[in-house]
1. Could you tell me how many of the residues in the range 66-107 are within 15 Å of residue 184 (Cα to Cα) and out of contact with any strand residue (DSSP E or B) (no Cβ under 8 Å at 6 or more places or on another chain)?
2. Kindly provide the set of residues from the range 59-89 that are at pLDDT below 95 and not in a helix (DSSP H, G or I), ordered by number.
3. Name, by its number, the condition in (1) closer than 21 Å to residue 190 by Cα; (2) assigned to a loop (DSSP other than H, G, I, E, B) that does not hold for residue 4.
4. Look through the range 166-177, keep the residues that are assigned to a loop (DSSP other than H, G, I, E, B) and touching a strand residue (DSSP E or B) at 6+ places or on another chain (Cβ under 8 Å), and return whichever of them is nearest to residue 71 (Cα to Cα).
5. Among the residues of the range 100-126, how many are surrounded by 14 or more Cβ atoms within 10 Å (Cβ to Cβ), at pLDDT 90 or above and in a helix (DSSP H, G or I)?
6. Taking the range 74-106 only, how many residues are in contact (Cβ under 8 Å) with a residue 60 or more places away in the chain and out of contact with any helix residue (DSSP H, G or I) (no Cβ under 8 Å at 6 or more places or on another chain)?
């Protein structure tokens, strides 16, 4: 599904906080009559999958977070204010593009990179600013500690969260890493990601 403000979903003024976004996910599950879902999310989607499992454990049987920043970076205060200022400026589409460009590796497909960066330009500035503010949300660690279901954390070439730190918070987390891919692992190396998901579900849910 496209989150509110993204893709073909409506683009209201807000709010775009974690509680609202996970509420949207829960409502979709309710409308579709779903329960015991495997919540798979990439990047922000992985953080939302964790929140959904923490807030609504009755809905979620397992979580897979694909190159998601499940814990805030230690240097957040050093770069978040500058990113906010650049996105608020008149040249915010260029700032957003520059921010997302850093998520690619040299091995990544140039066509995929061009497609992603083109999509970034269509996201409204207020939505981008709201998404950036989610980095500063104080509830990341508590949501992980509240998990009562299996968690798979798949990293790209450059992990967005340190494995030993994550394991201290979620001792049973299953850690994995793809080869030769930047942040957009589902587009660059889907065969690797799918194999990891299948193995995770087979072992943890006997699916």
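1. The qualifying residues number 11.
2. Of everything in the range 59-89, those that are at pLDDT below 95 and not in a helix (DSSP H, G or I) turn out to be 72, 73, 74, 75, 89.
3. The single condition residue 4 does not satisfy is (1).
4. 170
5. 5
6. In the first step, residues of the range 74-106 are kept if they are in contact (Cβ under 8 Å) with a residue 60 or more places away in the chain; the result is 76, 103-105.
Imposing the further condition that a residue be out of contact with any helix residue (DSSP H, G or I) (no Cβ under 8 Å at 6 or more places or on another chain) reduces the set to 103, 105.
Here the count works out to 2.
Listed here are the residues, each with its yes/no results for (1) outside any loop (DSSP other than H, G, I, E, B); (2) touching a strand residue (DSSP E or B) at 6+ places or on another chain (Cβ under 6 Å); (3) touching a residue at least 60 places away in the same chain (Cβ under 8 Å); (4) surrounded by 18 or more Cβ atoms within 10 Å (Cβ to Cβ).
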| position | (1), (2), (3), (4) |
| --- | --- |
| 135 | yes, no, yes, no |
| 164 | yes, no, no, no |
| 179 | no, no, no, no |
| 191 | yes, no, no, no |
| 194 | yes, no, no, no |
| 206 | no, no, no, no |
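The values are calculated or read from the model by the stated rules, or taken from the named source; none is laboratory data. All values derive from a computational prediction rather than experimental measurement. A quick note on method: Cβ atoms are made from the backbone with ideal geometry, for glycine too, and the neighbour counts reach across all protein chains shown.
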